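So the structure is just underneath, and the comments pick up after that.
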Amino acid sequence: MNVIKLNFLKIRTNSQLKHNKASRITVPYKDSRQIGIVFTVEDKIKHETVKDLIRKLESDGKQVQVIEFLPERKENYEFKFDFFTEDDVSFFGNITSSQANKFANAPFDFIICLDTMPNPLILHLLASSKAKCRVGPSWEDEHPYFELMIELNPNIKVMAEAMYQYTTQLK
């Protein structure tokens, strides 16, 4: 992404963090109904990990919606999930993807971010989100994006399992 576009996106993200009036509360897991998952496409292992997490959540009776960011030169495995790309960001840093905007505006009880590294486009979705509780890895200086942070683990399967375990323990 070009530097100017990225700078505009960061300005818009900071504005969303300051002005988003979504009610941030921790919903008991047993009472939650809708869960969103957001991630950046990396490899087949991550894709399978996301599918495993979806199966667990759905077996708990949750409705799950997923969106992925698809970087250039990455394979979109199975075309199973809604996705957006850098092409869905305008010159002035607006995300133009209807799927990404619909995801950000959905009234999720939880959004789970399955990225091991901060991605400016995912951060923008998290900042714009109407979700009650955002769950993600404990990145340095990324505290405003999550209400529940899980210790970062480079093994995506271990991190996803920890996010599931801690989220299901919320009462």
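Which residues, counting only those in region 143-170, are over 17 Å from THR116 (Cα atoms) and open to solvent by less than 70 Å² (accessible area, probe 1.4 Å)? Those that are over 17 Å from THR116 (Cα atoms) and open to solvent by less than 70 Å² (accessible area, probe 1.4 Å): THR167, THR168, LEU170.
Yes/no matrix, rows are residues, columns are (1) closer than 16 Å to ILE156 by Cβ; (2) modelled with pLDDT under 95:
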| position | (1), (2) |
| --- | --- |
| LYS46 | yes, no |
| LEU53 | yes, no |
| GLN63 | no, no |
| ILE67 | no, no |
| LYS74 | yes, yes |
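The set of residues from region 108-164 being under 29 Å from ASN2 (Cα atoms), out of contact with any Ser or Thr (no Cβ under 8 Å at 6 or more places or on another chain) and among the acidic types (Asp, Glu) comprises GLU140, ASP141, GLU142.
Answer with yes or no whether ILE122 is touching an Asp or Glu at 6+ places or on another chain (Cβ under 8 Å), of a type in the set (Val, Ile, Thr), crowded, with 22+ Cβ neighbours inside 10 Å and at negative phi. Spelling it out, ILE122 is indeed touching an Asp or Glu at 6+ places or on another chain (Cβ under 8 Å), of a type in the set (Val, Ile, Thr), crowded, with 22+ Cβ neighbours inside 10 Å and at negative phi.
If you check LEU121, LEU152 for being part of a loop (DSSP other than H, G, I, E, B) and among the hydrophobic types (A, V, I, L, M, F, W, C), only one passes: LEU152.
The values are calculated or read from the model by the stated rules, or taken from the named source; none is laboratory data. Everything quoted here is computed from the prediction, not taken from an experiment. Because the Cβ atoms are built from the backbone with ideal geometry, glycine has one as well, and the counts that use them run over all protein chains shown. Just the protein is used for accessible areas: all its heavy atoms, side chains included, with ligands, DNA and RNA removed. Shrake-Rupley method; radii C 1.70, N 1.55, O 1.52, S 1.80 Å.
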